[in-house]
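Since every read-out is calculated from the coordinates, none of them should be taken as a lab result. Quantities reported herein were computed from a predicted structural model and do not represent experimental measurements. Quick reminder, even Gly has a Cβ in these numbers, built from the backbone with ideal geometry, and neighbours come from all protein chains shown.
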Amino acid sequence: MPILYTPVAPPPPAPEVVVPGYRLGAPPRVTWTSAAGVVTVLSDPGGGYTVAPGVRGLGLPVYQFHRTDTALDGTVIRGTRTEARELFVPIYMEAPTFAQVWQMRRDLAARLHPGVVDGGGEGVLEVAFADGTRRRIRAYYTGGMEGSEGADEAGLCWATYGLEFLAQQPYWERDPITYRWAIAPPTDTWLPILPIKVRDAD
């Protein structure tokens, strides 16, 4: 009885994707896209922004355990629940003049604004690596730009902020994967599908 089969061929190698202007081994690029669609690169020293050490919330989320104590030692885990993700991104901003850095502060505050009635809302925090992989999470700004002017927090031409975000869905998302199931244009007939070959069954 004839059997249709497709000769096995190794999959083509994945194309090497590199973030434009980014060298391999460079630290990840962190961007914030506001609810209005305005993109701010928070890790661009040339643009006046630098992500400082101390970022939190990039790894596993926080889990809540539902448990029941028993007469025996220990406890019984009945289930788990993933809590909303809290993120912390400390940044340093700098400009040549006081007026410029003050305008940067005003612009960033407007882009982070969580109030929908004021044109803000939920934005997207994205981390892009030099090898082209990216992950993003939708989040709300919750604090960090209250305006403290301490000696270690702001100066004439610079300022530091510990930006705090809250993500309703605690999971990071990567670029979607697209599968193509059809290999022939709609105008072609279904058979023959090359490189299918016919051979006798053993």
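To the nearest Å, what is the center-to-center distance of the range 119-184 and the range 45-104, using C-alpha atoms only? Each part's Cα centre sits 11 Å from the other's. Using bins 5 angstrom wide from zero, how does P(r) for the range 105-157 break down, in % of all Cα pairs? All Cα pairs, binned at 5 Å, distribute as 4, 15, 20, 18, 14, 16, 10, 2 percent.
Quick one: putting +1 on the C-beta of Lys and Arg, -1 on the C-beta of Asp and Glu, what dipole do you get for the range 41-138 around its Cα centre, in Debye to the nearest 20?
Roughly 180 debye, rounded to the nearest 20.
Convex hull volume of the Cα atoms of the range 48-116, normalised per residue: 140 Å³. Using θ = phi - 60° in the Karplus curve 6.51 cos²θ - 1.76 cosθ + 1.60, the 3J(HN,Hα) couplings for the range 57-71 round to x, 8, x, 5, x, 8, 10, 9, 9, 9, 9, 10, 7, 10, 5 Hz; x is entered for Gly and Pro.
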